[in-house]
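Scroll down for the structure; my scribbles are underneath it.
The values are calculated or read from the model by the stated rules, or taken from the named source; none is laboratory data. These numbers were taken from a predicted model, which means no experiment stands behind them. Because the Cβ atoms are built from the backbone with ideal geometry, glycine has one as well, and the counts that use them run over all protein chains shown.
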Amino acid sequence: MRVVTTFILAAFLVFTAFVLLQLSHLIANENSNVKLIRTDSSVLRSVSRAISPSIKLSPRPPPALLEEQVKSYKKPIVISIVTGHYLGNFGYNTETDPRPPCMIQDVRVNCSLEGPQRRETADALWYHIPHMSLAGLQPRYHPNQLRVAMSMESAAYYPLMENPDLRKEVDILSTYKYTADNVNHYYDRNFDEDEKNFLTPPKVPTAQKKNVVAYMNRNCGAKNGRNDVVKELSKYITIDGYGCIGSSNRVDKVEVFSKAKFCIAMENSNVEWYVTEKIYQAFQAGCLPIYMGAPNFEKDFLPHPKAVILYKPESMNPKMLAEKLHQIANNDTLYEEHMAWRKMQLHELLPGFQRVVAFGRRPNPECRLCMKVAELRYLKEKNATLKSSN
């Protein structure tokens with residue numbers, strides 16, 4: 001009898017421990033979900049000012065600015081470009097820029113990007129990652145000075161972008177990744193001037209397009225082997241090529257692509273989040289793109305499942321791709337199915353692409369950088385005031 005009682009008690013204790021363990025996992029998951037929701041909400045708030053009404057996002061309005069914030073944001077900002085730059089001329093100034101005013105809520109930001117001669121008094125020092133090294137970082141010339149590191153190039157070519165030590169040394173990391181402090185997309189208002197987002201009929205009707213694959217590229221040593229893929233593909237289907245394959249003439253890319261049924265929109269490397277202008281130029285032209293690149297392209301950038309032919313080397317080869325292209329090219333009805341997404345409304349497209357459009361409709365990159373510097377400068381000033389009062 002004692003043995004039976006002991007066994008029942010042991011079983012009860014094991015069952016109780018199991019229930020408690022499951023409850024702890026459930027609570028942990030709930031907490032992580034709350035964190036995720038908060039993170040997503042902060043991202044949505046950052047783009048809410050520029051989102052089309054058709055994108056179903058409902059971020060909370062930002063809190064009203066404090067008087068001390070307004071005072072700080074109104075002070076002129078100087079960003080000194082120390083290395084090679086990617087932001088056009090040094091003469092950028094929010095006061096003279098023809099684009100819409102650079103605003104933080106109702107406060108107009110007065111900001112300029114200037115050369116290295118202003119580095120000692122500048123609010124921020126700007127570095128282009130492909131032209132910098134950690135050892136070459138200049139010291140901060142005053143306590144509140146910020147460091148900005150920026151690149152729109154692939155991390156496969158510039159591994160410093162993924163170096164955790166870079167993150168420790170700079171205050172603002174500005175790249176194409178959504179984890180950056182200042183996210184810069186290749187999709188911008190240049191592709192969205194009329195807010196149609198390629199949702200218009202192709203420039204050239206299907207019946208008038210050439211049954212070829214258009215390809216234009218001058219980086220012949222891409223790390224993902226795209227040139228080798230296209231060379232092999234040319235054995236099975238006609239390639240209208242410029243640059244690495246075909247003609248050396250310089251021609252208008254969108255114009256050439258618009259006359260072809262298919263076009264190559266392959267990146268120079270397969271790096272997460274690295275989605276360049278190539279796919280957007282293809283959409284602009286109205287050809288059916290063949291894409292290879294970012295592993296998260298389908299989830300975070302694809303407008304519609306049939307908008308693109310995805311080339312995945314692990315499950316496809318150039319001969320198989322050519323067979324698929326011939327099948328589509330010889331059937332206008334099938335080809336039109338791949339163009340049908342262009343007749344849809346933006347809110348009907350995949351969420352990842354809607355988010356791309358939302359980011360693309362934000363203020364211009366220089367303005368966003370100035371806004372970020374203004375916000376961090378204010379926080380540094382506030383922390384300095386708190387320290388001095390203690």
Next on the checklist: I'd like the full set of residues that are assigned to a loop (DSSP other than H, G, I, E, B) and in contact with a Leu (Cβ under 7 Å, 6 or more places away or on another chain), limited to the range 233-267.
Outcome noted: Ile237
Checklist outcome for this item: Thr238 fails exactly one of (1) over 24 Å from Met152 (Cβ atoms); (2) touching a helix residue (DSSP H, G or I) at 6+ places or on another chain (Cβ under 8 Å), namely (2)
Checklist entry - Hey, Ala282 hits all of (1) under 16 Å from the mean Cα position of the chain (by Cα); (2) within 21 Å of Asn190 (Cα to Cα); (3) buried (at least 19 other Cβ atoms within 10 Å of the Cβ) but one; which does it fall short on? => result (1)
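Whether any residue in the range 349-366 is of a type in the set (D, E, K, R) and in contact with a helix residue (DSSP H, G or I) (Cβ under 6 Å, 6 or more places away or on another chain) is what I want to check. Step through it out loud before you land on a result.
So in the range 349-366, the residues of a type in the set (D, E, K, R) come out as 355, 361-362, 366.
From what is left, the residues that are in contact with a helix residue (DSSP H, G or I) (Cβ under 6 Å, 6 or more places away or on another chain) are 361-362.
Within the range 349-366 (the criterion being of a type in the set (D, E, K, R) and in contact with a helix residue (DSSP H, G or I) (Cβ under 6 Å, 6 or more places away or on another chain)), the answer is yes, since at least one residue qualifies.
Table: residues versus (1) more than 21 Å from Thr175 (Cα to Cα); (2) acidic (Asp, Glu); (3) touching a helix residue (DSSP H, G or I) at 6+ places or on another chain (Cβ under 8 Å).
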| site | (1), (2), (3) |
| --- | --- |
| Tyr73 | yes, no, yes |
| Gly84 | no, no, yes |
| Pro101 | yes, no, no |
| Ser112 | no, no, no |
| Pro116 | yes, no, no |
| Thr121 | yes, no, no |
| Leu134 | no, no, yes |
Checklist entry - Got a sec? Which helices (runs of 4 or more DSSP H) wholly within the range 288-381 have at least 1 residues that are more than 18 Å from the chain's Cα centre (by Cα) and among the basic types (Lys, Arg)? => result 318-329
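When the residues of the range 247-269 are filtered to those that are of a type outside the set (A, V, I, L, M), without any contact (Cβ under 8 Å) to a residue 60 or more places away in the chain and more than 30 Å from Thr333 (Cα to Cα), which remaining residue is surrounded by the most Cβ atoms within 10 Å (Cβ to Cβ)? Give the steps one after another, and end with the answer.
Going residue by residue through the range 247-269, those that are of a type outside the set (A, V, I, L, M) are 247-250, 252-253, 255, 257-259, 261-263, 267-269.
Subset that is without any contact (Cβ under 8 Å) to a residue 60 or more places away in the chain: 247-250, 252-253, 255, 257-259, 263.
Next cut, more than 30 Å from Thr333 (Cα to Cα) only: 247-250.
Details: Ser247: 12, Ser248: 8, Asn249: 7, Arg250: 10.
Top of the filtered list is Ser247.
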Checklist entry - Would the range 150-159 turn up any residue that is surrounded by fewer than 20 Cβ atoms within 10 Å (Cβ to Cβ), over 21 Å from the mean Cα position of the chain (by Cα) and on the phi < 0 side of the Ramachandran plot? => result no
Checklist outcome for this item: Tyr178 passes all but one of the listed conditions (1) farther than 28 Å from Lys223 by Cα; (2) part of a loop (DSSP other than H, G, I, E, B); the exception is number (1)
Next on the checklist: Going residue by residue through the range 220-232, is there one that turns out to be assigned by TED's automatic domain parsing to the domain that holds Lys372, assigned to a helix (DSSP H, G or I) and either under 30 Å from Ala124 (Cα atoms) or touching a strand residue (DSSP E or B) at 6+ places or on another chain (Cβ under 8 Å) (or both)?
Outcome noted: no
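With the structure loaded, tell me whether Val183 is surrounded by 12 or more Cβ atoms within 10 Å (Cβ to Cβ), touching a residue at least 40 places away in the same chain (Cβ under 8 Å) and either in the same structural domain as Gln345 (by TED's automatic domain parsing) or farther than 30 Å from His347 by Cα (or both) or whether it fails that test. Walk me through how you get there before you give the answer.
On the way: surrounded by 12 or more Cβ atoms within 10 Å (Cβ to Cβ): yes; touching a residue at least 40 places away in the same chain (Cβ under 8 Å): yes; either in the same structural domain as Gln345 (by TED's automatic domain parsing) or farther than 30 Å from His347 by Cα (or both): no.
No; evaluated as a whole, the condition is false for this residue.
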Checklist outcome for this item: Over the range 269-286, the set of residues part of a helix (DSSP H, G or I) and of a type in the set (Phe, Trp, Tyr) is Tyr280, Phe283
Next on the checklist: Quick check on Lys278: is it touching a Leu at 6+ places or on another chain (Cβ under 9 Å) and of a type in the set (Lys, Arg)?
Outcome noted: no
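Can you tell which of Pro139, Pro159 is closer than 27 Å to Pro295 by Cα and not small (Gly, Ala, Ser)? Break it down into steps so the answer makes sense when it comes.
Working: Pro139 fails: closer than 27 Å to Pro295 by Cα.
Within the list Pro139, Pro159, the selection yields Pro159.
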Checklist entry - Got at least one residue in the range 308-320 being polar (S, T, N, Q), surrounded by fewer than 22 Cβ atoms within 10 Å (Cβ to Cβ), within 25 Å of Gly221 (Cβ to Cβ) and in the same structural domain as Leu334 (by TED's automatic domain parsing)? => result yes
Checklist outcome for this item: How many residues of the range 190-217 are under 12 Å from Gly286 (Cβ atoms) and either at pLDDT 90 or above or surrounded by 14 or more Cβ atoms within 10 Å (Cβ to Cβ) (or both)? The answer is 10
